[in-house]
Amino acid sequence: LLFDRSRRGGCPRRSGHVENLAETTFRGASGTAYRFEVHDLRIGFANVGGVYAFTSRMPPPAEENSFALLYVGQAPQLVGRITRHERWSRIELAGCTSICILRVADEARRLEIVADLLAAYATPCNEQ
């Protein structure tokens, strides 16, 4: 199931299958490159585990498919985490335009990836 977040308040509503908009790569502090699917904010995900990043598209003259990381997290089931995120209002105010997803089933691996990305990027919405 995919969900449409276009209704105010973040209440999801079911929609049809939607392809990812693009792909982008974020490099962790370790030098590892992580290839993420880029999706419109109105779409959520069913029972897949992964690392997610709320992002803002970089304006020209940045390269195509360049995104600023606003928040990085992980979840065993992305749909439940993303559609009811406790920092959504802060993320929205920061200018979030898309969500990037890296599907990873293993929790230990997801935590490693999040730590690697947070060590490499200043993500304003991860800060307390």
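Would a scan of the stretch 93-114 turn up a residue that is farther than 10 Å from residue 53 by Cβ and polar (S, T, N, Q)?
yes
Return the total of residues in the stretch 68-117 being of a type in the set (Phe, Trp, Tyr) and farther than 17 Å from residue 42 by Cβ. Write out each step before concluding.
Initial filter on the stretch 68-117 (of a type in the set (Phe, Trp, Tyr)): 71, 88.
Of the ones still in play, those that are also farther than 17 Å from residue 42 by Cβ are 71.
Residues that pass the stated criteria total 1.
Tell me which helices (runs of 4 or more DSSP H) are completely within the stretch 71-128 and hold 2 or more residues being over 13 Å from the mean Cα position of the chain (by Cα), or say none if there are none. Let's see the steps before the verdict.
Working: elements: 78-83, 88-93, 107-120.
Qualifying helices (runs of 4 or more DSSP H): 88-93, 107-120.
Which residue pairs have Cβ atoms under 7 Å apart, sit 6 or more places apart or on different chains, and have a first residue in the stretch 14-33 that is over 16 Å from residue 97 (Cβ atoms) and a second that is open to solvent by 80 Å² or more (accessible area, probe 1.4 Å) and at pLDDT below 95?
Partner pairs satisfying both residue conditions: 14/1.
Looking only at the stretch 115-128, which residues are open to solvent by less than 30 Å² (accessible area, probe 1.4 Å) and not charged (D, E, K, R)? Step through it out loud before you land on a result.
Filtering the stretch 115-128 down to residues open to solvent by less than 30 Å² (accessible area, probe 1.4 Å) leaves 116-117, 123, 125.
Matches in the stretch 115-128: 117, 123, 125.
Inspect the stretch 3-16 for any residue being farther than 15 Å from residue 92 by Cα and modelled with pLDDT of 65 or more and give the result as yes or no.
At the first step, the residues of the stretch 3-16 found to be farther than 15 Å from residue 92 by Cα are 3-4, 12-16.
Remaining after also requiring modelled with pLDDT of 65 or more: none.
Checking the stretch 3-16: not a single residue is farther than 15 Å from residue 92 by Cα and modelled with pLDDT of 65 or more.
Yes/no per residue for (1) open to solvent by 40 Å² or more (accessible area, probe 1.4 Å); (2) free of Cβ contacts under 8 Å to residues at least 24 places away in the same chain; (3) touching a Phe, Trp or Tyr at 6+ places or on another chain (Cβ under 9 Å):
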position: 75; (1), (2), (3): no, no, yes
position: 87; (1), (2), (3): yes, no, yes
position: 95; (1), (2), (3): no, no, no
position: 107; (1), (2), (3): yes, no, no
position: 113; (1), (2), (3): no, no, yes
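The values are calculated or read from the model by the stated rules, or taken from the named source; none is laboratory data. Just so we're clear, the structure is a prediction, and the values are computed from it rather than from any experiment. Please note: Cβ atoms are built from the backbone with ideal geometry, for glycine as well, and neighbour counts cover all protein chains shown. Calculation scope for accessible area: heavy atoms of the full protein, side chains included, ligands and nucleic acids excluded. Shrake-Rupley method; radii C 1.70, N 1.55, O 1.52, S 1.80 Å.
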